[in-house]
Amino acid sequence: MLISKSSVFSPREEGVYSNVAMRGRHADAYSMYKRGTRDYINAYDKEQGSVRSLNGVSKEIGNPSWKRSFLYILVASLASFLYGYHLGVINETLESISNDLHFNGNTMAEGLVVSICLGGGFLGSTFSGLIVDRVGFRRAFQLCALPMIIGSSMSATAKNLWGMLLGRLFVGTGMGLGPTLATLYVTEVSPAYVRGTYGSFTQIATSLGLMSSLLIGIPAKETVGWWRICFWVSAVPAALLALFMEFSPESPHWLFKKGRAADSEATFEKLLGGPYVKGAMAELSKSDRGGEAETVKLSELLFGHHRKVVFLGSTLFALQQLSGINAVFFFSSTVFKSAGVSSESANICVGIANFLGSFAALLLMDKLGRKVLLIGSFSGMAVAMGLQAASASSLASSSNEVYLSVGGIMLFVLAFSVGAGPVPSLLLSEMFPGRIRAKAMSVCLASHWVVNFFVGLLFLRLLEQIGPLVLNTIFATFCLLAVIFVKRNMLETKGKSLQEIEMTLLPPE
């Protein structure tokens, strides 16, 4: 797609940038950078004949090497590993914790140990966009690791319920930051042709974290105080995340938005290679509509030009949690125990199912596309929840009840990890324009944490009061609603550059 100078800089925009240049040194540098964006476009147009897809891909030079950014994707995925670990660490250890800290049998207190972490996640997620926009991704990742180290230490040394709750609150703050940072960072440093595959790495890391917590927690019921070891272990990957981020590159998109075009160009060269730099810079300049130096206000996201895409994102995350997935992760041991199944072996199977589904998503994300995986995933989850509801009905025999219950949970986790787990974060980070990406993601993820909080808090109480048949039927209904919602509202982003997606959703006014 060709782009003319007049379409990038109208007389009105030139006047705006002249006014901005009077706001101090930073604004002056930014204004100079804005005028310089024409040079990137003109130079690349002259050399290639047109502005091509992100990362400067052309028929002559092909795609940039995936190896250049691969290690940095793995480092960022440590945040997702920690999210998965803390998501599952309470599963095997909750009974031991409640016995040692003297709140055994209090379902509300047990639910609070789970949900207080999610409340912290809401706080971390709410401020994640502001933190990223202010300090960048590298420092934000390090800030994410800090409360996880502190909170894990507090949980491991807790002497009573309140000490445990405070530690879990700190951990939750880091959990709220981690998934947002990992998704945005992967989106902004990955070549377009493998962005979906790399996005699946965060889900694989989450599943590995979940499996690790379940395996490490197995001795908790037989070994006194073992649950404290489970919390101490999580401080290690958090410390590694903070250390390795010191040697990782900053997002070139963030650098460009801050007016540091030269640093952005150097980072693209590190991530993609020299032949692709001009194309990447030209596309950033092409999608830049001005105003990046200004603060994005919450009112603009909720009531302004971007309100529809923010609403769609928030609804998708809410439906993801209303499917009941984290109720399965948090309380699968309780469900298996009621079905007469060994929680140790069943939870290991859940972890394996989650990993296999995540690996399948890695292979399929850039082949089938995001929308197809979402529809198939939510459909499979609806069927799985139907099986679990059937297991609780009077029609199921005692022998069939076990197979339907455990099989339903396994199928549910597998279907979730193929699409509904990895896709929403990746899809929305692709759909949001660069100017609002971080803050819009934080708003959408806030809905995720709010719903997650109440599911974790109320699941055991609802299971007691209305029973598994009605509760699983409700979860299945939300899965079906998610299928309809995705079919009607979600955009396919497979193989498209971030700038192409932005111009599709938000054409010039």
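The values are calculated or read from the model by the stated rules, or taken from the named source; none is laboratory data. Only a predicted model underlies this, so the values are computations on that prediction, with no experimental measurement involved. A quick note on method: Cβ atoms are made from the backbone with ideal geometry, for glycine too, and the neighbour counts reach across all protein chains shown. Heavy atoms of the whole protein, side chains included, go into the accessibility calculation; ligands, DNA and RNA do not. Shrake-Rupley method; radii C 1.70, N 1.55, O 1.52, S 1.80 Å.
If I compute solvent accessible area with a 1.4 Å probe over the protein chains, what percent of it on the range 150-235 is carbon and sulfur? Could you put the intermediate results ahead of the total?
Values: 1950 of 2590 Å².
Carbon and sulfur: 75 percent of the exposed surface of the range 150-235.
Give the residue list of trypsin sites (Lys or Arg not before Pro) in the range 119-179 that are DSSP loop and have at most 10 other beta-carbon atoms within 10 angstrom.
Numbers: sites: Arg134, Arg138, Arg139, Lys159, Arg168; in loops: Lys159.
Sparse-neighbourhood loop trypsin sites (Lys or Arg not before Pro): Lys159.
Rounded if a/c is under 1.5, else prolate if a/b is larger than b/c, else oblate: which is the range 109-166, with a ≥ b ≥ c the root eigenvalues of its Cα gyration tensor? Don't jump to the answer; show the numbers that get you there.
Details: a/c = 4.42, a/b = 1.89, b/c = 2.34.
Oblate, since a/c reaches 1.5 and b/c is not below a/b.
In the range 374-498, if the dipole is taken from +1 on Lys/Arg beta carbons and -1 on Asp/Glu beta carbons about the Cα centre, which of Phe475, Pro422, Leu458 is farthest to the positive end?
With unit charges placed on the Cβ atoms, the residue in question is Pro422.
For the residue pair Leu146 and Trp66, what label-to-label distance in nm results when each label sits 7 Å from Cα along the Cα-to-beta-carbon direction?
About 3.6 nm separates the two model spin labels.
Based on the mean of other Cβ atoms within 10 Å per residue, sort peptides 356-363, 249-256 so the most packed one is first.
Details: 356-363: 19.5, 249-256: 23.1.
Highest-to-lowest ranking by the protection proxy: 249-256, 356-363.
How far, in nm, would the chain grow between Thr223 and Leu481 when pulled straight, counting 0.36 nm per residue and subtracting the alpha carbon separation? Provide the component values of the computation, followed by the final result.
Numbers: separation 258, 0.36 × 258 = 92.88 nm, distance 4.40 nm.
Gain in length upon complete extension: 88.5 nm.
Could you pull the accessible area for Ile375 with a 1.4 Å probe, rounded to 10 Å²?
That residue has around 40 Å² of solvent-accessible surface.
Run the simple label-point estimate for Leu74 and Arg461 please: 7 Å along Cα→C-beta, distance reported in nm.
With each label placed 7 Å out from Cα toward Cβ, I get 4.5 nm.
Quote to one decimal, in nm, the extra length available between Leu491 and Arg134 on full extension: 0.36 nm per residue of separation minus the C-alpha distance between them. Mind showing how you got there, number by number?
Details: separation 357, 0.36 × 357 = 128.52 nm, distance 2.96 nm.
In short, 125.6 nm is gained.
How much length is gained if the chain between Asp263 and Asn160 is pulled fully straight, taking 0.36 nm per residue apart and subtracting their Cα-Cα distance, in nm to one decimal? Walk me through the numbers before you get to the answer.
Working: separation 103, 0.36 × 103 = 37.08 nm, distance 4.96 nm.
Taking 0.36 nm per residue and subtracting the Cα distance, the gain is 32.1 nm.
What whole-number value in Å² describes the accessible area per residue of the range 377-496 for a 1.4 Å probe?
Details: 4410 Å² over 120 residues.
On a per-residue basis, the range 377-496 sits at 37 Å².
Hey, can you find the accessible area per residue of the range 167-305 for me, probe 1.4 Å, expressed in square angstrom?
Values: 4670 Å² over 139 residues.
That works out to 34 Å² per residue.
Residue by residue through the range 112-129, what is 3J(HN,Hα) from phi via Karplus (6.51 cos²θ - 1.76 cosθ + 1.60, θ = phi - 60°)? Round to whole Hz and write x for glycine and proline.
5, 4, 6, 6, 5, 5, 6, x, x, x, 4, 4, x, 5, 4, 9, 4, x
Taking the alpha-carbon centroid of each part, what is the distance from the range 351-368 to the range 171-227 in angstrom?
For the range 351-368 versus the range 171-227, the Cα centre distance is 14 Å.
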